[in-house]
1. Could you list 1, 135 so that the one with the fewest beta carbons within 10 Å of its beta carbon is first and the one with the most is last?
2. With the crude spin-label approximation of a point 7 Å out along Cα→Cβ, what separation in nm comes out for residue 286 versus residue 303?
3. Given a cut-off of under 8 Å on Cα pairs at least six residues apart, what relative contact order in percent is computed for segment 284-382?
4. How high is the relative contact order of the chain, in percent, counting Cα pairs under 8 Å that sit 6 or more residues apart?
5. Take the chain, connect every pair of alpha-carbon atoms lying under 10 Å apart with a spring to form a Gaussian network, then pick out the residue of 269, 116, 231 with the largest mean-square fluctuation.
6. Can you grab the distance from the C-alpha centre of segment 271-285 to the C-alpha centre of segment 335-382, Å, no decimals?
7. Rounded to the nearest 0.05, what FRET efficiency do residue 259 and residue 20 give with R0 = 41 Å and r taken as the Cβ-Cβ distance? Could you check?
8. Using Cα-Cα distances under 8 Å and only pairs 6 or more residues apart, what relative contact order does segment 222-327 have, in percent?
Ligand SMILES: Cc1ncc(COP(=O)(O)O)c(C=O)c1O
């Protein structure tokens, strides 16, 4: 049996709608993008949603919308994908890395204030694996120091915090989602920015397409199709009707797909809960996770990955902390010892397969083999 770390859930319906989009002759951003944005707004329950071609693009445009400037500082957790920090560098601004909590792997809000200076402009909490961060505590800090909050919700469709879906938290400035191939809602590549602030959404709409005053759709829909004006120094970050058509299909089944991941997570939790070799993911009780990832902590992580690979079970590690990457270490001089929790989490973390198309035989195989391999190691973690 071969169990890859991830398989994207797609059916004939995605193929049909992508084909329809191609046949319509509208290959770039057009009516389907608009429809996708509208349906996304309804699903999340937020007034503004702007589709782009990645979460990286959404994060970049979010920072532009809040007016990030050279030498400004933005606080991000070190346990994230590079995109969260990279977008800050586009402005010659500084990513300031904060350590994380051992149990949730999310930013440790008790440490944020120690990183705030008079140059701090924003915080980007990352909802790791789909579990929302301590948003109320983050808003308190943001209010005290007059900081913007941009959520990196690349993992968080659908997740909720105190009963509200991520993407619809009113105290955040902008929330950024990813529709990358491995994500819970996938269009191959894609992203979305949501906000309650129409000035931000207008700014992001203009800058996703070169700073042109109107979207291509508006232009082609008007009689004077040739005229445009550049009103900002924008980017080429628009998405396409092909991607949006796939997104509409994927959006429709989000709750069902999450139910399937919840089912797998429950099976893993039940199977491993008394296992001395495994620390299970911990979800705080006032929030729900999308279960984009299922990350356990174990001893002898590297050896375990290799043994599982020999058994045809794909696993992964999320994430190599930003402060360990050569470019970031050399450019910003992060001190390894400031991130003791992230370092420990990194050494112990193992992401198991969790995707809707896994069947019971595959789930049970993973459980059996993980138990066996860890038993061989004879190296308890708790
Ligand atoms: C936490 C996080 N932020 C941002 C991104 C970037 O997403 P995208 O590939 O859509 O740009 C990713 C992608 O893996 C991610 O995991």
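A short reminder: the numbers here are calculations on the coordinates, not readings from a lab. This one's a predicted model, so the numbers in the text were calculated from it and none came from an experiment. All Cβ positions, glycine included, derive from the backbone under ideal geometry; neighbour counts span all protein chains shown.
1. 1, 135
2. Here the modelled spin labels are 4.2 nm apart.
3. 43 percent
4. Result for the chain is 23 percent.
5. Residue with maximal mean-square fluctuation among 269, 116, 231: 231.
6. Measuring centre to centre over Cα atoms gives 10 Å.
7. The value I calculate is 0.90.
8. 17 percent
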